[in-house]
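Here, each number is a calculation from the coordinates, and none is a lab measurement. Worth saying up front: this structure is predicted, and the values here are computed from it rather than measured. Please note: Cβ atoms are built from the backbone with ideal geometry, for glycine as well, and neighbour counts cover all protein chains shown.
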Amino acid sequence: MNIAIFGGSFDPVHSGHIEVVKKALEMGIDKIIVIPNFLNPLKNKTSAPAELRYKWLKEVFNDFENIEVSDFEINQKRAVYSIETINHFKPKYFIIGSDNLKTLHKWKDIDEILNKVELIVAKRGDIDKNLLKKWDIKKVVNVNIPISSTEIRNGKFKYLPKKIENKIKEYYGKN
């Protein structure tokens, strides 16, 4: 079975994340495990609490076949390194956003990660082809939704999942 992990902060989840999942399934992936982190190891905070981000993801993906939303990293109550999650789930693929290409060299045990999984990069906008070559990335998913979680946190309420649009607006409108 071709299993992929799609991890991240999802702070908040938006239509671009949904597009990544849909396109990855079209690539022949049998199951995607969406895993919100408790805290990104390369960051020191999130805006929304982990449990809320997990709840939003469950609502967004509950009607999708072959999608599981896991609270594995949240249950650790600490920053969890990707290698730990990969060792736990043993996927074939690991989906990352193209913004992560610039920091892959900082990831704990990146060489071990690359030996255990094939990376799939979700691309929004331009991408550094030299970084794709450096990390030997052959699979790229093009996402044509021009939004980031940062923009949403900053009040640009576009491309929100309809199911939870009002919840996201309410939460980030107050913070």
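3J(HN,Hα) along the range 5-22, derived from phi through the Karplus expression 6.51 cos²θ - 1.76 cosθ + 1.60 where θ = phi - 60°, amounts to 9, 10, x, x, 7, 6, 10, x, 5, 9, 4, x, 5, 5, 4, 4, 4, 4 Hz, with x in place of Gly and Pro. Within the shell defined by Cβ-Cβ distances under 12 Å, the residues around PHE89 carry a net charge of +1, with Lys and Arg each +1 and Asp and Glu each -1. Taking the Cα centre of the chain as reference, the dipole from Cβ charges on Lys and Arg (+1) and Asp and Glu (-1) amounts to some 460 debye. Going down the table (LYS123/LYS158; LYS45/LYS123; LYS43/LYS123; LYS102/LYS167), which pairs top 27 Å between alpha carbons? Exceeds cut-off: LYS102/LYS167. Could you tell me which residue out of ASN100, ILE33, VAL121 lies farthest along the dipole of the chain toward its positive end? Charges go on the beta carbon: Lys and Arg +1, Asp and Glu -1, centred on the Cα centre. Projecting each Cα onto the dipole axis, the largest value belongs to ASN100. How big is the shadow of the Cα convex hull of the range 3-146, averaged over all directions, in nm²? Average of the hull's projected areas for the range 3-146 equals 7.9 nm². Explain nothing, just the number: relative contact order of the chain, from Cα pairs under 8 Å at least 6 residues apart, as a whole percent. Here the relative contact order equals 27 percent. Note on LYS90: lysines with a C-alpha under 18 Å away, same-chain residues under 8 apart excluded, are LYS31, LYS108, LYS116.
At 222 nm, what helix-only mean residue ellipticity would the chain give, in deg cm²/dmol to the nearest 500, using -39500 (n - 2.57) for each DSSP H run of four or more? All intermediate terms of the calculation are to be shown ahead of the outcome.
On the way: 8 runs with 64 residues, N = 175.
Helix-only estimate at 222 nm: -10000 deg cm²/dmol.
Close amide-amide hydrogen proximity is noted between PHE94 and ILE5, GLU118, LEU119, ILE120, each under 5 Å apart and 5 or more residues distant or on a separate chain (H modeled in the peptide plane; Pro and chain starts excluded). Which aspartates and glutamates, if any, have their Cα less than 19 Å from the Cα of LYS129, not counting same-chain residues under 8 positions apart? Hits, sequence-local ones excluded: ASP99, GLU118.
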